[in-house]
Amino acid sequence: MNQNDIILMLYTMMFAFVCYTAYKIFIAKKQIQGEQDLFPQHKRILQYVLVGLLMSMILMVEGMYFKLMLAGITTYFVYNLFEQISFSDTGVYFNGKITEWNDIKQWSFSPKNGNLILALNNPKPNDVRVIPTRAEDQDAVNKVMRTRKSKKRAKK
C-alpha cells in the first residue's frame, strides 16, 4: 500500500462519515413537528477557516475522485455553517440532533460567549448540550424556551 492509497482511504472514510451525518440530519429534520421558531447560530471563525481550507484543497488536489469527495465534504460544512437553531413542538433542533422538551432539566446562557446551555435529564444526570446562539438573540431564545417548556408542562 502506497501513500496515495492511504490518503484515498482516509478521504473515503471521511466522506462516508459526512454522508452518514447528512442522513442523520435528514431523518432528524423529518421528525420536527409543529410551528418552528428559527434563530441563526453564532458564527465560529474556525468553521470559516475549515471551509476555506477545504475549498483551497479542491483547487490543489489532482484527480476527479478526490475533488468530488472534497466538494461533498465542503458542501456539508457550508450547510452546517448556515444551519439555523429550531425550537418546535418536538424540542430543540441543532446540528442534526433533537433535544425533546421532556429531556431538558434547565437552561442557561454562558456569560463568556452567550451559548445556550441545556442541562439534560437523559441519558446521564449531568449531561449538557451547548448550542451556539448569538448574544443579541438571548432574550428572544429565553422567551421561546419559557413558552415552549410551559406548554409541555401544561399538557402533562
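Each reported figure results from applying straightforward, stated rules to the coordinates on display, with no laboratory input. Computed from a predicted model, the values in this text were never measured in an experiment. Ideal geometry is used to build each Cβ from the backbone, glycine not excepted, and the neighbour counts take in all protein chains shown.
Under a point spin-label approximation (7 Å from Cα along Cα-to-Cβ), what is the Asn102-Leu81 distance to one decimal in nm?
3.9
Would you be so kind as to identify all helices of the chain, as entire DSSP H runs, whose Cα atoms reach 20 Å or more along the helix's own axis and whose mean Kyte-Doolittle hydropathy is at least 1.0?
Details: long enough: 3-31 (43 Å, 0.72); 45-60 (23 Å, 2.26); 64-82 (27 Å, 1.11); 138-155 (26 Å, -1.73).
TM-like helix candidates: 45-60, 64-82.
Along the Cα→Cβ direction, 7 angstrom out, place labels at Val49 and Ala71. What is the inter-label distance in nm?
With each label placed 7 Å out from Cα toward Cβ, I get 2.8 nm.
Work from the charge dipole of segment 44-156 (Cβ charges, +1 for Lys and Arg, -1 for Asp and Glu, about the Cα centre) and give the residue of Leu116, Gly52, Leu70 farthest towards its positive end.
Leu116
Give the aspartates and glutamates whose C-alpha is closer than 13 Å to that of Lys149, dropping any in the same chain fewer than 8 places away, or say none.
Correct list for Lys149: Asp89, Glu100, Asp103.
Can you tell me the dipole magnitude for segment 1-107 around its Cα centre, using point charges on the Cβ only (Lys, Arg +1; Asp, Glu -1), in Debye to the nearest 20?
Numbers: 8 positive and 8 negative charges, 25 e Å.
I would put it at about 120 debye.
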